[in-house]
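Structure first, then comments.
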Amino acid sequence: MSEKIERSIEELYRDDPQRADAEVFGRVTEPNRRGFLGGAGLAAMSAAVGGAIPFAANMPGGLIPAAMAQGTPPAPAAKKGPIPLNFPGKSDKLSVIGERPLVAETPEHLLDDDTTPYEKFYIRNNGQIPEETKDPDKWKFVIEGEVNKPLEITLGELKSKYKAQTRRMVLECGGNGRSFFSPPASGNQWTNGGAGCAEWTGVRLADVLKTVGVKPAGIYTAHYSSDLHLSGDASKPTLSRGVRIAKAMDPDSMIVWGMNGQPLPNIHGGPVRLIYPGWAGSASQKWLTKIVIRDKEHDGPGMTGTSYRLTINPMVPGSKADPKNFKILESMPVRSIITSPANGAKLAAGTREVKLRGASWAGDLTVRRVDVSTDYGMTWQPTKLEKPKNKYDWQRWTAAVKLPRDGYYEIWARAMDSNGRMQPHTPPNWNPSGYGGNTMHRIAVLIA
Ligand SMILES: Nc1nc2c(c(=O)[nH]1)N[C@H]1C(S)=C(S)[C@@H](COP(=O)(O)O)O[C@H]1N2
Ligand SMILES: [Mo]
């Protein structure tokens, strides 16, 4: 491969997949198909991925092999490699995808625990990280707006006056999967690692809203917090999103002060944050200071334009967006990830069976099934899918796949939600900020 390709293989695939195939693999046979690839082409591809390719005939054209996709060792393109996170108590295997504000994602194989521990939980900030508060129980927040009795309450009072509950639930950034869009969508380039599943302890937001009495006019929430805007301007909210009142009344929507049995860490919004499971993570305000009940849809930073919004009618990828063609992203789409083995795993020669583990979730819905393929989607086999511990928990799955001989394989996983919607091969419904990118996950495995 030429030096030029080594530098920009992702760009090449993004801009002109057919040419990329021709340059990388020497020869293109039929459009969209690398089938019947033989001689020099197959030899070049095998050399590129590090082994013979038993299912080469099924390899889709124009798709960068998982072995070379960004972040996958040994990736010729990943010269820079992922930037390791350096943050107290966090694994340095998390990769920084934004430095200011600090944003870090969890590689899929680190999401292999039933409950995601603190050190592996992704980080997403929009502004500055506030200093840790000295006396958590004195933290105050307010609920006002379209309510009968506005409330100011400390965390200590909240803990003593309301019934606590603990739920294991997925928190997922609205932009998870954004990096798979082509042309690229703007924002943090998440792969699948903008998600985690923790045990959250707190009270039902609905219980507190019942105390203040939401007026019939109150149809939407607006959330505020203490984190400073990147500019340092204290009059500008960093991020202020809200939800329809029905979601606020969901018994699993919570005001949270505990994570995995510990006080909620500062980086995750401690001492107190909201958790709206199943919905774009941006609704789950960290460092909560105020909830305003509004008589109309909230319009704070993150609520307007194309932020956290999906298209109503499909748009031409890369074209100018018409703001009227957008609706708010609420429930997240179905997704599954392979958490073991890791992408790029090398297994001993002669290995004929590989045990797989993974996770799947589907926003407000549940997962009906997860299937895996070892032959580029020609055949699929079902996995053993666990039940969630409680609503909004992720569903772990396992499978054992047989591989006919040594060589390079890609293992693909796709989930179907309880409404029958399946993860697509490429991200659906391109939108400028890249929401809803729930492409099926694939990993490279080399048996040699
Ligand atoms: N106050 C505040 N809350 C916030 C954010 C923020 O920047 N400030 N980011 C939101 C976004 S976009 C996400 S995905 C989640 C991330 O939570 P985590 O950092 O605990 O993983 O917090 C949400 N709550
Ligand atoms: Mo997010």
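The values are calculated or read from the model by the stated rules, or taken from the named source; none is laboratory data. The structure displayed is predicted, hence computed values, not measured ones. Cβ placement follows ideal geometry from the backbone for every residue including glycine, while neighbour counts extend to all protein chains displayed. Remember, those area values only see protein heavy atoms, side chains included, never the ligands or the DNA or RNA. Shrake-Rupley method; radii C 1.70, N 1.55, O 1.52, S 1.80 Å.
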Hits in the range 319-353: amide N under 18 Å from the 7 Å Cα→Cβ extension of N419, namely 326-336
Please turn the phi angles of the range 356-370 into ³J(HN,Hα) values with the Karplus equation 6.51 cos²θ - 1.76 cosθ + 1.60 (θ = phi - 60°), one per residue in order, whole Hz, x for glycine and proline. 10, 10, x, 9, 8, 7, 8, x, 6, 9, 10, 9, 7, 7, 10
Quick check: the angle from helix 39-49's long axis to the longest principal axis of the chain, C-alpha only, nearest 10 degrees? 40 degrees
Alpha carbon centroid spacing (whole Å) that separates the range 197-220 from the range 336-405: 36 Å
Along the charge dipole of the chain, Cβ charges K/R +1 and D/E -1, which of G363, W380, V214 sits furthest on the positive end? V214
List the residues whose amide H sits under 5 Å from the amide H of L264, counting only those 5 or more places along or on another chain, with H placed 1.01 Å from N in the peptide plane. G258, M259
In the range 335-447, with Lys and Arg counted as +1 and Asp and Glu as -1 at Cβ, which of these residues, P432, Y392, L446, has the Cα nearest the positive end of the dipole, that is, farthest along it? Y392
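Return the carbon/sulfur percentage of the accessible area of the chain, one whole number, probe 1.4 Å, all protein chains in place. The partial results should precede the final answer.
Numbers: 10010 of 19080 Å².
Answer for the chain is 52 percent, counting heavy atoms of protein chains only.
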Phi angles of the range 122-139, converted by Karplus (6.51 cos²θ - 1.76 cosθ + 1.60, θ = phi - 60°) into ³J(HN,Hα) in whole Hz with x for Gly and Pro, give 4, 10, 9, 10, 10, x, 7, 8, x, 6, 5, 7, 6, 10, x, 5, 8, 4
Put a dot 7 Å past each Cα toward the Cβ at L365 and E132; how far apart are the dots in nm? 4.1 nm
Using modelled amide H (1.01 Å from N, peptide plane; none on Pro or chain starts), what sits under 5 Å from the amide H of F326, excluding residues fewer than 5 places away? I312
What does the net charge come to around S340 if you take all other residues with beta carbon closer than 15 Å to its beta carbon, with K and R at +1 and D and E at -1? +2
Once you list every other residue whose beta carbon is under 11 Å from the beta carbon of A67, what net charge do they have if Lys and Arg are +1 and Asp and Glu are -1? +1
Most mobile of P65, P314, P277 per a Gaussian network model of the chain (Cα springs, under 10 Å)? P314
Could you compute the FRET efficiency for A206 and E11, with r as their C-beta to C-beta distance and R0 at 60 Å, rounded to 0.05? 0.80
In degrees, nearest 10, the alpha-carbon axis of helix 3-15 is tilted away from the dominant principal axis of the alpha carbons of the chain by 60 degrees
Distant-in-sequence amide H partners of V147 (H built 1.01 Å from N, under 5 Å): K215
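Considering all alpha-carbon pairs of the range 97-143, what whole percent are spaced by more than 11 angstrom? All intermediate terms of the calculation are to be shown ahead of the outcome.
Working: 818 of 1081 pairs.
Result: 76 percent of Cα pairs exceed 11 Å.
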In whole Hz, with x marking every Gly and Pro, tabulate ³J(HN,Hα) for the range 279-293 from phi via Karplus 6.51 cos²θ - 1.76 cosθ + 1.60, θ = phi - 60°. 9, 3, x, 4, 6, 8, 4, 8, 6, 5, 10, 7, 10, 10, 8
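Using mean Cβ contacts within 10 Å as the protection proxy, how do 341-353, 255-267 order, highest first? Don't skip to the answer; put the middle values down first.
On the way: 341-353: 14.4, 255-267: 19.7.
The most tightly packed comes first, giving 255-267, 341-353.
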With a Förster radius of 45 Å, plug the Cβ-Cβ distance of K391 and R19 into 1/(1 + (r/R0)^6) and report the FRET value to the nearest 0.05. 0.40
extent check for the chain: Cα max minus min per principal axis, descending, whole Å, gives 77, 44, 41
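Sort 180-192, 326-338 by the packing proxy (mean of other Cβ within 10 Å over each peptide's residues), most packed first. Display every interim value, and only then the final one.
Details: 180-192: 19.7, 326-338: 22.7.
Most protected by this proxy first, the peptides run 326-338, 180-192.
Return one whole number: the accessible area per residue of the chain in Å², for a 1.4 Å probe.
Details: 19080 Å² over 448 residues.
Heavy-atom SASA per residue in the chain reads 43 Å².
For the chain, what does -39500 (n - 2.57) per DSSP helix run (n ≥ 4), summed and divided by total residues, give at 222 nm, in deg cm²/dmol to the nearest 500? Working shown, then result.
Values: 6 runs with 52 residues, N = 448.
Result for the chain: -3000 deg cm²/dmol, rounded to the nearest 500.
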Would you please put 12-21, 426-435, 315-324, 102-111 in order of how densely packed they are, using the mean number of other Cβ atoms within 10 angstrom per residue and starting with the highest? 102-111, 426-435, 12-21, 315-324
